[in-house]
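One structure is given below, encoded as structure tokens.
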Amino acid sequence: MIDSPKGTSSGGGGAKGRKAHPLATAGFARYDGHAYPFTQLETLARVREALAEDAADDDITTLAIVVSDRRSRAALVTRRTGIICGTALAVEAFRQRDPNVVIRQDVHDGVCADRGDTILFLNGSARGLLTAERVALNFMQRLSGIATLTAQYVRAVEGTGARILDTRKTTPGWRSLEKYAVRCGGGMSHRTNLGQAILIKDNHLAALDGDIELAVARAREMVPSGVPIEVECDRLEQVDVALRVRADVIMLDNMSLHEMREAVELVQGRAVLEASGGVNLQTVRGIAETGVDWISVGSLTHSPPALDLALDFDK
């Protein structure tokens, strides 16, 4: 069983009580269903696989030292302030090792926890808690790290109107979870996979001798009406062509701030402008202030620092 304190809501952004939500931008970065990407059965299977990888049934240390009927209490706590994410996976890990474990959840996904806050309080089989500990922490530390880093970027661009986006630079097999973590941090999900939208990049254009007009024409012949088309541009001349052929989104790839401002003036809201390349916490504010709509940040998912979490047992 699991108890939640009154007034706590799942989801959120960079402050306590804010809610995480799936992307609402119609037509481009679609996301079906609830913010959390897995069904109960999918969560069960993902956690079961992780426990099997860790050989939880063969934990020789715990089996040798801890008697089978021993019960313990423990708290999953944060050692550093950050946005929490992945609690459903952690809860499932503890439940799979002890179906009778009692869990109180004090902080939900998308909510900022201060250093020392208890996220989950657990009372159950000592063996169950010990064998689930690392799997639960692995899920939550990775996902909470992504959510926390995203929230830092979101705060950095507050007041500009720019949105922070993830990319497909994700851990194989973890994409839906990592993009969920970005949304928990207040970010926005770019296309989830190659089939969701047209994105014509420089390597595609290289196969057409750089002909953006031909690339967009072929794309429109291929996909149904309503599927958005994005074109990557690294020069203002390309932006002009992409605008002329009515691209839905124009990616400004590794452009200078001056070039981005010129692109914003040129486009004047007739297409969504996405800035990409050279984005970090030191540069993102300046990029946002050029007037672009979206800023995609690969580091949100390819190299976020884990949030320091721990499972503390009552002595």
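Computed from the coordinates by the stated procedures, all read-outs in this text should not be read as laboratory data. From a predicted model like this one, the values you see are computed outputs, not experimental measurements. Cβ placement follows ideal geometry from the backbone for every residue including glycine, while neighbour counts extend to all protein chains displayed.
At full extension, Arg79 and Arg235 could sit 51.6 nm farther apart than now, given 0.36 nm per residue minus the alpha carbon distance. Using just its DSSP H runs of length 4 or more, each adding -39500 (n - 2.57), the chain gives a mean residue ellipticity at 222 nm of -11000 deg cm²/dmol after division by all residues.
The value of relative contact order for the chain, using C-alpha pairs under 8 Å at least six residues apart, is 22 percent. Summing charges over neighbours of Asp293, with a neighbour being any other residue whose Cβ is under 10 Å away from its Cβ, gives 0 when K and R count +1 and D and E count -1.
Pairs of Lys residues in the chain are counted when their Cα atoms are under 23 angstrom apart and they lie 8 or more places apart or on different chains; the count is 7.
Ordering Arg104, Arg127 by the number of other Cβ atoms within 10 Å of each residue's own Cβ, fewest first, gives Arg104, Arg127.
What the phi angles of region 286-292 give under the Karplus curve with 6.51, -1.76 and 1.60, with θ = phi - 60°, is a coupling list of x, 5, 4, 6, 6, x, 5 Hz, glycine and proline written as x. Sort the chain into rounded, prolate or oblate with this rule: let a ≥ b ≥ c be the square roots of the eigenvalues of the Cα gyration tensor; rounded if a/c is under 1.5, and if a/c is not under 1.5, prolate when a/b is larger than b/c, oblate otherwise. Prolate, since a/c reaches 1.5 and a/b exceeds b/c.
How much length is gained if the chain between Leu208 and Gln40 is pulled fully straight, taking 0.36 nm per residue apart and subtracting their Cα-Cα distance, in nm to one decimal? Mind dumping the intermediate values first?
On the way: separation 168, 0.36 × 168 = 60.48 nm, distance 4.55 nm.
Contour length minus the Cα-Cα distance gives 55.9 nm.
Which residues in region 290-315 have a backbone N closer than 18 Å to a point placed 7 Å from the Cα of Leu281 along the Cα-to-Cβ line? Residues passing the 18 Å test: 296-309.
So how much slack lies between Glu53 and Asp114, counting 0.36 nm per residue of separation and subtracting their Cα-Cα distance, in nm?
Numbers: separation 61, 0.36 × 61 = 21.96 nm, distance 3.15 nm.
In short, 18.8 nm is gained.
Rounded to the nearest 20, the size of the Cβ-charge dipole of the chain about its Cα centre is 1020 debye, with Lys and Arg at +1 and Asp and Glu at -1.
Label separation (Arg246 vs Asp69): 7.6 nm, computed from points 7 Å beyond Cα along the C-beta direction.
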